[in-house]
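Values quoted throughout were computed directly from the atomic coordinates according to the rules given, and no laboratory measurement underlies them. Remember, it's a predicted structure, so these values are computed and weren't measured experimentally. Cβ sites come from the backbone with ideal geometry, for glycine too, and all protein chains shown count toward neighbours.
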Amino acid sequence: MNRKVAIVGLGYAGFGTTTPDLSYREMIFEAVTKCYEDAGGIPPQAIDSFVAASEDFMEGISIADEYVPDQLGAVLKPVQSITGDGLQALASAVMQIKTGQQSIVAASAFSKVSNLSHHDHLVSYATDPVYIRPFQENPYFIAGLEMNRFLFETGATREQCAEVVVKNRYNALKNPSAHYGAKLTLEDVTEAPPLSEPLGIYDMSGHLDGSIVFLLASEERARELTDKPVWIKGIGWATDTPNLDSRLEGLGGAVYARLAAQQAYRMAGISNPFNEIDFAEIDDTFSYKELQHLEALNICGPGEAGKLLELGCFGPDGDFPVNVSGGSLGAGYLHEANGMQRLMEVVLQLREEAGPRQLPHLETGLAFAWRGVPTATGAAAILSTRV
Amino acid sequence: MRKVAIVGAGMTKFVRRALETPKELSYQASKVALDSCGLTLDDVDCIAHGTAPDAFDGLHQNGEYMVDGCGGWNKPTMRVYVGGGTGIHAVVHGWHHVASGLFDTCLVVCEEKMSSALPHAQAFFLTIFDSITERSLEPNLLWIFALEMNRYMERYGYSKEDMALAAVKIKKNGLKHPASQFSEEVTVQDVLDSEMMAYPVSRLDVSPVSDGGAAVLLASERVARRLTDKPVWIEGVGWSLDTAYWATRDLYYPRYTDTAARMAYDMAGITEPDKEIHIAEPYDPFGYKALHHLEGLQLSPRGKTVELLRDGHFDIDGNLPICPSGGLLGVGNPIAAAGTMKVCELFWQLRGEADQRQVPGNPRRGVAQSWGDLMQVSSVVVTGI
Amino acid sequence: MQDKVKVAGGTGLSAEDISSGKIFLTEDSLDCAYAWDTGVAINRYLAELKKGRIIATQCKKCRRIMLPPRLFCELCFIPCSDWQYVRDTGIVNTFSICHVHWDASRIGKDEKPHLPAVIEIDGASPGMGIMHILGEIEPEQIKIGMKVKAVWKAEEERSGSITDIIHFKPL
């Protein structure tokens, strides 16, 4: 029950705006093969259970769970899907190991968003069918509402949001699996065409295809499988109401982030995240989200994120580097695999495998994911090199 | 391993078309389950919920939409999804939450509203088939059942009458269930005379399209003992998913049920399931499926199940009563909710609270199983007192 | 015996409740369009179907000749690159006679029922079946175990789809 859990394998494939050469099942197979090799070439027969994160409409398949087992090497094995973020699938895998029934569990998520012709249209189907959808608005109006309210409540500025874009897209230049690396100026972002004001087109992440797989193991098995385990010290997830008009802290806040982080911090024994965590990969699906999430995650106080950003605190050389990978803004948005993309960077950094963007002297990192518009669901994971 | 008990259960009435929205059905089932053990939402640490294809509701990220109906507002909430098997798998998933030590209580809620889908919920099953190699043949869900049923009958020389008898017996049990969608008894002849949908499947071989919700409350041992003197323990859980290449499997035997059941029995320390289990709720969307699953659950020898059925072995007063609830055939089949309904039934039966449906002889252990995806997944829960 | 409420809600509606306007409905029809990447294995499968041939892949380890072909063997979990043509004949593993369309509407009196079947293709490993349709046969004559052969569309009508085979007929 109090078993410790480590990440012992990581594999990824795809990472392109289109990936026409492979079917999604073949793309996942490539990632899975790399993951199992990374865990000392473990045969899939030795894995106890498998969890996938998926959404039917993203894949164009009802019951996407059907097509999960083959490419994971999981035929006639315990397999389940979580319709949620990849970090929630990871949480499910952690729980399974902690029950004692399973010792080695694989968790996977992928995006083949390029196969979908109108993603915006699909997002509108996630809004309430009776009293939101009939307005027939582009669903990103919700992000516009949130951003406006967030700026109003915290005193953060439009320019600070643009600074997030500039930082993350610049960071992405050093990440070979990032697709939206660029050297932009604040004006490039603020003067770009609006999407849903105050949100402009550069404030939103671009789509990305890709597949990510993690292998998790109990402490005993982790020591056998790898000499570089990354320990999952804490994990948490939470959901606010789906009703846009009755969220606990209104549209300006991110209660889901606060609650998910509280759960993860409690489990990891963290009371002062800014001091006890070395770096973070935090959902930046939209520019303002990085700032909003930093405050909700209690990494800084209300209204402080924008100012600290301007002081360089969240840059690669700052006191608390955020989204060194480029985040979603710089790397591309992987949909159900969004949280796993954040987690992947944390694992690569902690293993000192991040190449030119490697941060020095790391021990503990945070990954946080949000499920995107129109949801209020988030998940957080604390990882450490120390057991 | 940390002990986990079911301490409360509740459900809505199963109906062809409900006035309630999916959220309202979830709320109603959850509220009854909470009331049944005297808890409020404040006592619930986390939510494990389930609902089958998003297409029924026409909602992308349906799990997010459902959250407030499930009581998941500002709580850790996760939706697990294994197609038709979701109803019981959500209980397995709830068990993960509590047995992991992360939480002390977990509300498991499953809901299905199929009537919103037009022209018919069936139409949305076209999209469960392989998008490239199968969908262009315009298959419907009945095809795969009919293909499987035909293979099963051919393998053991079973007749349409044999399969109809299973449906008749199970439906009859359902007449006593207060949530049942039905009120009339049917005969084997009625089944045989009912409209031929897809040979060998006739209309009355099939469970109906339904709306409904069901919920159970899980608690750690410490909390369970405080709440009730009759906790129903989750003794074993198992689940297994077979290959998506369904046409390459021999459909006569559900090996996914076999592996899932063995996993659950192993955890429960059961070595002779046919002797150690007193009640079974095998998944029964079709009459033949109950028999097929009994074989996979190791509760009936392969090819001998019809003989046992005829002898009354599976009747309420038989050696191994099956589907005392009335199952999907007799209560209704709101997909995910129907599976959870089976776990509710075990809870009531083992506590001796099943009213007119009560299985005699103080049953002490039961198994519930659900099935789904492309005829390829089973989830199994073993409960005992 | 406790007397607690175990069932609540689930208010049934009748067709009249809706037709009479007592219940308000919000209608929407989903418009989702996808173009799925077929990938290495299925792309070749479809290309060969267009040429009037069925192709499989063989696993180097378990020696299974697999249909539909795959880039990797899901059991041995190794890549497959051995392509092998199989015949366009096979054996009916199981079948159905279906009287409803995919959307659950009933097949009209003048229409013939659909005849779906799992067909084990000759040349593939035993049990390797694909789902397809039977034709040129009266439903009551179909038997499990019977031999069948693919009936192909004319070459110029084939598009690289599983429907390039119109149906399988008795051999």
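Annotations for the structure displayed:
- Test item: A:82-93 mean partner chain Cβ contacts at 10 Å: 4
- Of the DSSP H helices in chain B, those with a Cα length along their own long axis of 18 Å or more and a mean Kyte-Doolittle hydropathy reaching 0.0 comprise B:86-99, B:141-156, B:335-350.
- For chain A, the longest principal axis of the alpha carbon atoms and the long axis of helix A:338-350 meet at an angle near 70°.
- Summed residue charge, Cβ within 13 Å of C:L134's Cβ, Lys/Arg positive, Asp/Glu negative: +2
- Of A:F50, A:F279, A:F135, the one that fluctuates the most in a GNM where chain A has Cα springs shorter than 10 Å: A:F135
- Rounded if a/c under 1.5, otherwise prolate or oblate - chain C, Cα gyration tensor axes: prolate
- Working from label points 7 Å from Cα in the Cα-to-Cβ sense, the C:T89 to A:F135 distance is 6.5 nm.
- Peptide ranges A:203-213, B:272-282 listed from the most packed, as the mean C-beta count within 10 angstrom indicates: A:203-213, B:272-282
- Segment B:310-385 and segment A:325-386: distance between their alpha carbon centers, rounded to Å: 44 Å
- Measuring nothing but how far apart in sequence close Cα pairs (under 8 Å, 6+ apart) lie, relative to its length, chain C scores a relative contact order of 19 percent.
- Given R0 = 56 Å, the distance between the Cβ atoms of C:E138 and B:L41 translates into a calculated FRET efficiency of 0.40.
- Virtual spin-label span in nm between C:S19 and A:D120, 7 Å along Cα→Cβ: 4.2 nm
- Summary of the geometry: segment B:225-296 and segment A:1-70, compared by the centres of their Cα atoms, lie 26 Å apart.
- Proximal charge balance of A:P360 [Cβ under 15 Å; K/R count +1, D/E count -1]: -3
- Take each peptide in B:101-113, B:53-65, count the other Cβ atoms within 10 Å of every residue, and average; sorted highest first, the result is B:101-113, B:53-65.
- For B:K275 and B:D250, the difference between the fully extended length at 0.36 nm per residue and the C-alpha to C-alpha distance is 6.2 nm.
- Relative contact order %, chain A, counting alpha carbon pairs below 8 Å whose residues are six or more apart: 24 percent
- The loop-placed GluC sites (Glu not before Pro) in segment C:8-62, going by DSSP, that have at most 13 neighbouring Cβ atoms within 10 Å of their Cβ come out as C:E27.
- Pairwise FRET efficiency - A:E352 versus C:E157, Cβ, R0 = 60 Å, nearest 0.05: 0.55
- Protection proxy ranking of B:122-130, C:158-166, A:69-77 - average other beta-carbon atoms within 10 Å, highest first: A:69-77, B:122-130, C:158-166
- Rounded tilt (10° steps) of A:141-154 against the dominant C-alpha axis of chain A: 70 degrees
- Here each label is just a point 7 Å from Cα along the line to Cβ, and for C:R63 and A:R223 those points are 4.3 nm apart.
- Seen from B:F145, the other residues with C-beta closer than 10 Å to its C-beta sum to a net charge of -1, counting Lys and Arg as +1 and Asp and Glu as -1.
- Counting lysine pairs in chain A that sit 8 or more residues apart in sequence, or on different chains, and whose Cα atoms lie under 21 Å apart gives 15.
- Between 0 and 90°, nearest 10: helix A:86-99 axis offset from chain A longest Cα axis: 40 degrees
- Mean-position separation - Cα centroids, segment C:91-160 and segment A:199-266, in angstrom: 47 Å
- Amide H contacts of B:N74 (H built 1.01 Å from N, in plane; Pro and chain starts excluded): A:T239, A:D240, A:T241 sit under 5 Å, all sequence-distant by 5 or more or on other chains.
- About the Cα centre, charge dipole magnitude for segment C:36-170 (Lys/Arg +1, Asp/Glu -1 at Cβ), debye: 500 debye
- Shown here for segment C:85-171: GluC sites (Glu not before Pro) in loop regions (DSSP other than H, G, I, E, B) with at most 13 other Cβ atoms within 10 Å, namely C:E111, C:E136.
- Within 10 Å of the Cβ of each residue in A:19-30, the mean number of Cβ atoms contributed by other protein chains is 5.
- Cut-off of 10 Å, at most 12 other beta carbons, DSSP loop: longest stretch of chain A lacking such trypsin sites (Lys or Arg not before Pro): A:184-385
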